[in-house]
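Novice: Quick one: the structure is below, questions incoming.
None of the figures in this text is laboratory data; all of them are computed from the coordinates on show. No experiment lies behind these values; they were computed from the predicted model shown. Cβ: placed from backbone, ideal geometry, glycine included. Neighbour counts: every protein chain shown.
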Amino acid sequence: MVSRERLEQQLQHLQTITTPGAGEGINRLAFTESDEEGRRYITSLMEEAGLSIRQDAFGNVIGHLAGRDESLPAVMFGSHSDSVPSGGNFDGIVGILAAVEVVRSMKEDGFVPDCPLEVVLFRCEESGRFGTATLGSRAMRGELTTADLMRFKDKDGISLYDALESCGLDPAHIETAKYTRPLKAFFEVHIEQGKVLEHRKIPLGVVTGIAAPTRMRVYIHGNADHSGATPMPLRHDGACAAAEIILAVEKAAAARKEPPVVGTVGIVRVHPCAMNVIPGEVELGIDIRSISAEAKASTVADVKLAVEEICARRDIPVTIEDISNGTPVVMEEPVVKFLDAMCEKAGVPYIEMPSGAGHDTMHWVGYVPAGMLFIPCKDGISHNPAESAELDDIVRVTRALSEAVRTVSAKAFSF
Ligand SMILES: [Zn+2]
């Protein structure tokens with residue numbers, strides 16, 4: 001039986017693993033010592049649950065439980081344990097702890113699955129460090145090259161390649177991280193990171209689709225002149241151009257109502273950032289999302305046009321760097337209906353809903369029948385020290401995941 005006590009105790013323990021002095025909340029940025037510590041703890045839980053552990057070239061941890069028939073395709077489930085700067089203790093954590101508990105409770109109950117199970121702890125899901133998300137899944141799907149690893153850099157100029165190497169991994173052979181075994185199903189449990197479930201007082205959400213971000217960096221090459229000696233008409237103020245661009249992103253996204261699009265400028269870096277110097281170089285980080293690929297693409301096009309127009313009008317050179325362009329995914333109908341049935345079997349009320357946030361699962365849709373379950377988080381707050389979820393909801397979703405894994409792992413089952 002799923003153990004509430006174990007889940008509670010493990011959540012409490014993970015609450016203590018964070019970078020000392022890094023600020024409020026949880027700071028387990030990918031490839032830092034605190035991230036490693038969190039991963040070691042979770043790996044130890046996976047071992048206790050009877051999983052045999054392997055790690056790929058990107059550092060994704062995969063725990064294998066043998067089925068009655070090892071020649072059958074495996075059922076994979078899991079999530080991530082890295083955090084954003086000053087994040088919470090539930091994003092990713094709920095999913096990986098639920099996955100481990102499913103295996104542990106299954107063993108205690110004497111349940112042996114027909115097909116093998118693979119519990120996966122993804123590495124570097126958050127984009128907080130390298131500006132691009134779900135890197136562990138992308139490595140497992142064969143979507144990362146060594147050139148990508150060198151191109152992605154953190155704010156200190158450390159490349160993903162170097163970060164992998166400093167953890168004793170093998171970035172030169174990233175292609176070996178590609179997951180090639182046949183899979184029967186993939187599941188991930190996660191907090192909603194929005195307010196829908198809490199608002200409707202429903203403990204579970206079955207995800208129907210996942211919005212994917214398009215991300216770009218905009219480098220505005222203004223002139224850093226003297227703030228006292230340069231008259232207004234002679235200025236090429238990078239921050240003023242940036243201000244117009246930020247509002248243009250808001251306007252372009254807000255203009256699209258159905259399907260909705262959201263646009264955010266979450267990075268603004270002004271150089272040299274001095275009171276007596278006109279801002280010269282300004283860097284913006286832009287994130288645009290929708291569950292409709294078409295609506296997102298046309299918003300991105302509008303934003304790029306606005307950037308060019310604003311900078312041309314101000315006579316300021318500008319460079320737009322495309323960072324990523326994820327494709328929104330739609331879950332397969334039979335998987336959604338199956339998870340609906342598993343919620344019913346576990347006796348938990350649910351609704352079907354789209355996900356506004358990106359998740360590892362989106363990389364597995366198309367490769368394998370893949371599904372996601374959401375639980376509410378308090379006030380919809382996530383990526384924040386105030387992030388919180390109810391233990392009751394975590395126990396419920398673990399039960400639903402357990403039903404799903406046990407049912408799918410039967411040899412006779414097919415979607
Ligand atoms: Zn997450």
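Novice: So for segment 212-325, averaging the separation of alpha carbon pairs under 8 Å that are six or more residues apart and normalising by length, what relative contact order in percent results?
Specialist: 43 percent
Novice: Separate question: Please list 382-390, 354-362 highest first by mean number of surrounding beta-carbon atoms within 10 Å per residue.
Specialist: Values: 382-390: 17.9, 354-362: 22.9.
Descending packing order for the listed peptides: 354-362, 382-390.
Novice: Next up: Nearest 0.05, what FRET efficiency do residue 325 and residue 107 give at R0 = 60 Å with Cβ-Cβ as r?
Specialist: Calculated value: 0.90.
Novice: What are the residues whose amide H is under 5 Å from the amide H of residue 184, where those residues sit 5 or more places off or on another chain and H is modelled from the backbone?
Specialist: Counting only residues 5 or more places away or on other chains, the set is 74, 75, 76.
Novice: Roughly what angle does helix 333-345 make with the longest principal axis of the chain, taking Cα atoms, 0 to 90 degrees, to the nearest 10?
Specialist: 60 degrees
Novice: Filter 107/378; 107/184; 155/178 down to the pairs with a C-alpha to C-alpha distance above 30 Å, please. List each step's numbers first, then the result.
Specialist: Details: 107/378 32 Å; 107/184 21 Å; 155/178 28 Å.
As for pairs spanning more than 30 Å Cα to Cα, those are 107/378.
Novice: Pull up all non-local amide H partners of residue 277: gap of 5 or more, or a different chain, and H-to-H distance under 5 Å with H placed in the peptide plane.
Specialist: For residue 277, whose amide H was placed from the backbone, the distant partners under 5 Å are 227.
Novice: Hey, can you rank 99-110, 228-239 by average C-beta count inside 10 Å, highest first?
Specialist: Those peptides, ordered most packed to least, come out 99-110, 228-239.
Novice: With θ taken as phi - 60° and the coefficients 6.51, -1.76 and 1.60, list the Karplus ³J(HN,Hα) couplings across segment 202-218 in order, rounded to whole Hz; mark glycine and proline as x.
Specialist: Each residue of segment 202-218 in turn: 10, x, 9, x, 9, 7, 9, x, 10, 5, 10, x, 9, 10, 8, 10, 10 Hz.
Novice: Return a whole-number percent for the relative contact order of segment 10-94, with Cα pairs under 8 Å and 6 or more residues apart as the contact set.
Specialist: 36 percent
Novice: Grab the other residues whose beta carbon is less than 15 angstrom from that of residue 122, score K and R as +1, D and E as -1, and report the net.
Specialist: Net charge in that neighbourhood comes out at -3.
Novice: To make sure I understand the rule: partners must be lysines, Cα under 25 Å from the Cα of residue 296, and not fewer than 8 residues away in the same chain. Which ones qualify?
Specialist: Correct list for residue 296: 195, 251, 257, 304.
Novice: Mind pulling the angle between the C-alpha long axis of helix 4-15 and the longest principal axis of the chain? Nearest 10 degrees, somewhere in 0 to 90.
Specialist: Result, in degrees: 30.
Novice: Would you mind computing, in nm to one decimal, how far apart the modelled labels at residue 277 and residue 52 are, each placed 7 Å from Cα along Cα→Cβ?
Specialist: Rounded to a tenth, the inter-label distance reads 5.9 nm.
Novice: Here's a follow-up. Each residue of segment 158-175 in order: what ³J(HN,Hα) in whole Hz does its phi give by Karplus 6.51 cos²θ - 1.76 cosθ + 1.60, θ = phi - 60°, with x for Gly and Pro?
Specialist: Each residue of segment 158-175 in turn: 7, 7, 4, 4, 5, 4, 5, 4, 5, 8, x, 8, 10, x, 5, 10, 4, 4 Hz.
Novice: Related question: Would you list 173, 80 from fewest to most Cβ contacts within 10 Å?
Specialist: Going from sparsest to densest Cβ surroundings: 173, 80.
Novice: If the elastic network links every pair of Cα atoms under 10 Å, which of 191, 310, 62 fluctuates the most in the Gaussian network model of the chain?
Specialist: Comparing 191, 310, 62 in the GNM, the peak value goes to 310.
Novice: A further question follows. State the antiparallel share, in %, of DSSP beta bridges confined to the chain, rounding to the nearest 5.
Specialist: Values: 41 of 64 bridges.
Of the beta bridges lying entirely in the chain, close to 65 percent run antiparallel.
Novice: Kindly rank 280-286, 39-45 from highest to lowest mean number of other beta carbons found within 10 Å of each residue. Intermediate values should be presented prior to the final figure.
Specialist: Details: 280-286: 20.3, 39-45: 18.4.
By packing density, highest mean first, the sequence is 280-286, 39-45.
Novice: How high is the relative contact order of segment 1-142, in percent, counting Cα pairs under 8 Å that sit 6 or more residues apart?
Specialist: RCO, segment 1-142: 29 percent.
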